[in-house]
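Student: Here it is: the structure, laid out below.
The values are calculated or read from the model by the stated rules, or taken from the named source; none is laboratory data. Note that this is a predicted model, so its numbers are computed, not measured. Glycine also receives a Cβ, built like all others from the backbone with ideal geometry; neighbour counts cover every protein chain displayed. To get the accessible areas, we keep the full protein, side chains included, count just its heavy atoms, and leave off ligands, DNA and RNA. Shrake-Rupley method; radii C 1.70, N 1.55, O 1.52, S 1.80 Å.
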Amino acid sequence: MGGARAQVNKAHKTRFASKSSRNVHKVSSKDKSRIAKPDRNLTKGARAARLQRNKMMREQKRDALLKEKRASSGSNSPPRVIVLFGLSRSVDLSALEQDLLKLLSADGTGVVYPAVASSEYKLRATVLKAPHGDLLTCMEMAKVADLIAFVTSASSSNEKDCYIDAFGSHCLSIFRALGLPSTAVLIRDLPSELKKKNDSKKVCTSSLSSEFPEDCKFYPADTKDDLHKFLWLFKEQRFSVPHWRNQRPYLMAQKVDVVADNSISGKCTLLLSGYIRARSLSVNQLVHITGAGDFQLSKIELLKDPCSLNVRKGGDLMESDDMNEAQVISCLTPDPMKQEPLLVENVPDPLAGEQTWPTEAEMAEAERNQEERKLKRKTLPKGTSEYQAAWIVEDSDADVSESENEEEDGMVLDEGENALNTQGRMDEFELDDDQASLALVSDEETETHSMMMDGENLTREQMEEEIRKIKEAHAEDEEFPDEVDTPLDVPARKRFAKYRGLKSFRTSSWDPKESLPQEYARIFAFDNFNRTQKHVLSRAREMEQNVDECIPAGSYARLHIREVPNGVANKLNLVMKTMPVTLCGLMQHESKISVLHFSLKKHDSYTDPIKAKEEMIFNLGFRQFVARPIFSSDSFNADKQKMERFLHPGRFSVASVYAPISFPPLPLIALKIKDDATPATVAAIGSLRSIDPDRIILKKIILTGYPQRVSKQKATVRYMFHNPEDVRWFKPVEVWSKCGRRGRIKEPVGTHGAMKCILNGVLQQHDTLCMSLFKRTYPRWPEKWFPMTDA
């Protein structure tokens, strides 16, 4: 019925088949033993390898955890730093500090130096009390704290500020930006009745739990038993510190001394005594004192620990006379061949780009090349003399000239831009004398900074007027960004001689080495920053292995810092009375100046406008320096970034500065000083992003004009320029309108700067015609590098 398409099924095995045919697919037991099973063996081997690898990882983690615990809580570890911070002004920190010191000290007096050693708790600790209202001191204490104990009062629930006031909330946001170490909350003034005490603690915990990390514990801290329980838990606690603090060795000075240096006038040797923390410190590496600058070490003295846990019952603690003359165990001096040089700026050679007389080797090479050219045979037409043959160009030269002509012919589209750039640069040099005599010609007017007069010469009314102008400029920049008015009395081709047009901001090329400022001859750059950072970190680890040059972490040492200015040393002695003086070791290259880029966000508490190129104090980890940043956007799909005149709130921008090199990750706290009478306030927070002098930041200005007459796709526009020469000068640059039209300038009309434009659509009468111009901008070189040094 189906014919050839009928289904044909496989024939069924017959039961009359022979035994040999029925068992042909089976394998004998002898052959089974000889046949290997690679898949099963492979799976078994992979499982064994996986189990062994997991076992090794567990052992490594266990060893690392044990090593960390011994380093943080062993007898060789430095004393733990406990910072008491009051969340509100009503909290009494002095009473809590005395209670803690009485529990920790051996004699119960609470008088300790430089730390307290408790044989009962087998613990050494330094207790610091953060002054309420002093933001800078609280920030410096938080940088060195192993534990921040936030103290609140249960009786504050009935007050207006509740458990945490405005200053406490402000400091807490700064601590988060720096990176919180281990935290705990101590609750004081709880009721004595048990039920009310538990209820008050629950209310306080529920109110404050959202402000702190999840692992933060809440402890009552009224009685001696409460503090005793807290200290036992504190002793067994595993501490977590920010990652950036473990990258470099640092020292919190317990004592500051000054030794006069007669060999160098105005300089002295600064002596800082304290415990080396985090990592081993090499005598050959540079050190940075917060706010004072970078220096070299002349000597490191390893001293007997004045606060040891291994004391006899009779008492072996150092008396006050012995502390002034500490026992020196060993002394390390730097090796001149290995010591890191204190190199800050590159010394530019003014003759580096000049034409010099050729050397004898260069002249000999030129003669050889000339002889080789003479030996080459040229194909000459008949009747050509030697004189005529000398003027005939070789094929290679002809090819080069042809390729050059082809390149020139192929750049017709960008010819206008290049002509504008070249002619603009030539006129710029020709008109320098004219520009110096004109107030408006100087490009400083369109810069984002304002050169304010000295504070001594300003009256109160002048200061208020200056602040009002800055605020108006900030509001205008938000409403009409980048728009600039063309001056009436200065030609636009002179006023904007440094600017150029771009066909596309994203795709048009811009040479990063073109027309660099003089400051770029004084900075350093990396060929490959990531590779250099890996090399520097591995070199730092190798340096720590050299026991002959390093003081191990946890040791009590005296650092001799040479060539410190006398004024800086005196300021450090004054600062020591109110806040900790911190010293940190620097890695290779970290004293040199380069262009650093930070991811920066304006702090919510700072309401005043922040203009570009204004002086700010950058706190980068333990380092502190003065900078004058410029702000820019962050575009991932372009190699050029747009400059921003102000740091706008609510979003991140990139701040670029001239500053000493630092290797990320590092947190940033940017401070702003309004005047000498008021202390510095936190203006912005962020982190270090990269080091790249080749990052192109373009300042954009927009010239605007308004349509006078419109006829189909043609329009007559006025008030963008004020003379026909300016119209011809900017003719190659593309124009666009706010309603989305694009076009070009055709010709000037009349003698007052009006121009005829051709667009890709009809221009509306209410529309505005715009022209975008760009120039590369750079940070400003600061007058001084560090806050404590003189300009």
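Student: Considering only residues that are closer than 24 Å to A525 by Cβ and hydrophobic (A, V, I, L, M, F, W, C), which ones fall in the stretch 596-625?
Tutor: L596, F598, L600, A612, M616, F618, L620, F625
Student: So, one more: Could you say whether any residue in the stretch 491-505 is surrounded by 16 or more Cβ atoms within 10 Å (Cβ to Cβ) and in a strand (DSSP E or B)? Reasoning before the result, please.
Tutor: Taking the stretch 491-505 and keeping what is surrounded by 16 or more Cβ atoms within 10 Å (Cβ to Cβ), we get 491-502, 505.
Filter again for in a strand (DSSP E or B), leaving 500.
The answer is yes, given that some residue of the stretch 491-505 is surrounded by 16 or more Cβ atoms within 10 Å (Cβ to Cβ) and in a strand (DSSP E or B).
Quick grid of which residues meet (1) of a type in the set (S, T, N, Q); (2) in contact with an Asp or Glu (Cβ under 6 Å, 6 or more places away or on another chain); (3) within 26 Å of T126 (Cα to Cα):
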site	(1), (2), (3)
P220	no, yes, yes
F234	no, no, yes
Q237	yes, no, yes
G266	no, no, no
T290	yes, no, yes
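Student: If K674 satisfies every condition in (1) part of a strand (DSSP E or B); (2) farther than 24 Å from W510 by Cβ; (3) not hydroxyl-bearing (S, T, Y) but one, which is the exception?
Tutor: All conditions are met except number (1).
Student: Let me ask something additional. Going through the stretch 553-575 one residue at a time, which ones are part of a loop (DSSP other than H, G, I, E, B) and open to solvent by less than 40 Å² (accessible area, probe 1.4 Å)?
Tutor: G554, S555
Student: Oh, and also: State all residues of the stretch 628-645 that are hydrophobic (A, V, I, L, M, F, W, C) and over 26 Å from K784 (Cβ atoms); if no residue qualifies, say none.
Tutor: F636, A638 - these are the residues of the stretch 628-645 that are hydrophobic (A, V, I, L, M, F, W, C) and over 26 Å from K784 (Cβ atoms).
Student: For F239, state whether it is surrounded by fewer than 18 Cβ atoms within 10 Å (Cβ to Cβ), in contact (Cβ under 8 Å) with a residue 60 or more places away in the chain, closer than 30 Å to V575 by Cβ and touching a helix residue (DSSP H, G or I) at 6+ places or on another chain (Cβ under 9 Å).
Tutor: So F239 fits the description; yes.
Residues are listed down the side, and each one gets a yes or a no for (1) under 22 Å from S119 (Cβ atoms); (2) open to solvent by 30 Å² or more (accessible area, probe 1.4 Å):
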{"position": "P213", "(1), (2)": "no, yes"}
{"position": "D225", "(1), (2)": "yes, yes"}
{"position": "F230", "(1), (2)": "yes, no"}
{"position": "L271", "(1), (2)": "no, no"}
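Student: Could you grab me the full set of residues in the stretch 702-735 that are crowded, with 22+ Cβ neighbours inside 10 Å, part of a strand (DSSP E or B) and under 44 Å from the mean Cα position of the chain (by Cα)?
Tutor: L703, G705, V735
Student: Okay, next question. R541: of a type outside the set (F, W, Y) and part of a helix (DSSP H, G or I), yes or no?
Tutor: yes
Student: Return the residue satisfying two criteria in turn: it lies in the stretch 736-758 and is of a type in the set (D, E, K, R) and over 43 Å from the mean Cα position of the chain (by Cα), and of such residues it is surrounded by the fewest Cβ atoms within 10 Å (Cβ to Cβ).
Tutor: Applying the filter and picking the extreme gives E747.
Student: Please indicate, with yes or no, whether at least one residue in the stretch 759-773 is out of contact with any strand residue (DSSP E or B) (no Cβ under 6 Å at 6 or more places or on another chain), under 29 Å from K613 (Cβ atoms) and surrounded by fewer than 14 Cβ atoms within 10 Å (Cβ to Cβ).
Tutor: For the stretch 759-773, residues out of contact with any strand residue (DSSP E or B) (no Cβ under 6 Å at 6 or more places or on another chain), under 29 Å from K613 (Cβ atoms) and surrounded by fewer than 14 Cβ atoms within 10 Å (Cβ to Cβ): absent.
Student: Continuing with this model, one more query. Can you pull out the strands (runs of 3 or more DSSP E) entirely within the stretch 63-167 that have at least 3 residues that are at pLDDT below 90?
Tutor: The strands (runs of 3 or more DSSP E) meeting that bar are 116-118, 123-129.
Student: Can you name every residue in the stretch 187-210 that is of a type in the set (G, A, S) and open to solvent by less than 50 Å² (accessible area, probe 1.4 Å)?
Tutor: Selection gives S200 alone.
Student: Contact list please: Cβ distance under 7 Å, first residue in the stretch 631-652 and under 15 Å from A683 (Cβ atoms), second residue acidic (D, E) and assigned to a loop (DSSP other than H, G, I, E, B), pairs at least six apart or on different chains.
Tutor: Once the first residue is under 15 Å from A683 (Cβ atoms) and sits in the stretch 631-652, no partner that is acidic (D, E) and assigned to a loop (DSSP other than H, G, I, E, B) comes close enough.
Student: Kindly check whether there is at least one residue in the stretch 532-545 that is of a type in the set (D, E), over 25 Å from K299 (Cα atoms) and in contact (Cβ under 8 Å) with a residue 24 or more places away in the chain.
Tutor: No: the stretch 532-545 contains no residue that is of a type in the set (D, E), over 25 Å from K299 (Cα atoms) and in contact (Cβ under 8 Å) with a residue 24 or more places away in the chain.
Student: Just one of L190, L194, L172, L180 is farther than 21 Å from A95 by Cα and at pLDDT below 90; which is it?
Tutor: L194
Student: Filter the stretch 506-522 down to the residues that are of a type in the set (G, A, S) and either open to solvent by less than 60 Å² (accessible area, probe 1.4 Å) or not in a loop (DSSP other than H, G, I, E, B) (or both) and list them by number. Don't jump to the end; show me each part of the working.
Tutor: First, the residues of the stretch 506-522 that are of a type in the set (G, A, S): 508-509, 515, 521.
Within the stretch 506-522, S508, A521 meet the criteria.
Student: Only one of these is open to solvent by 50 Å² or more (accessible area, probe 1.4 Å) and farther than 22 Å from F230 by Cβ: S155, S169. Name it.
Tutor: The match here is S169.
Student: Residues of the stretch 572-594 being of a type in the set (D, E, K, R) and more than 21 Å from G133 (Cβ to Cβ), which ones?
Tutor: Selection gives E590, K592.
Student: OK, next. In the stretch 272-294, what count of residues is obtained for those that are out of contact with any Leu (no Cβ under 7 Å at 6 or more places or on another chain), closer than 24 Å to F625 by Cβ and not β-branched (V, I, T)?
Tutor: Summing the residues that are out of contact with any Leu (no Cβ under 7 Å at 6 or more places or on another chain), closer than 24 Å to F625 by Cβ and not β-branched (V, I, T) in the stretch 272-294 gives 7.
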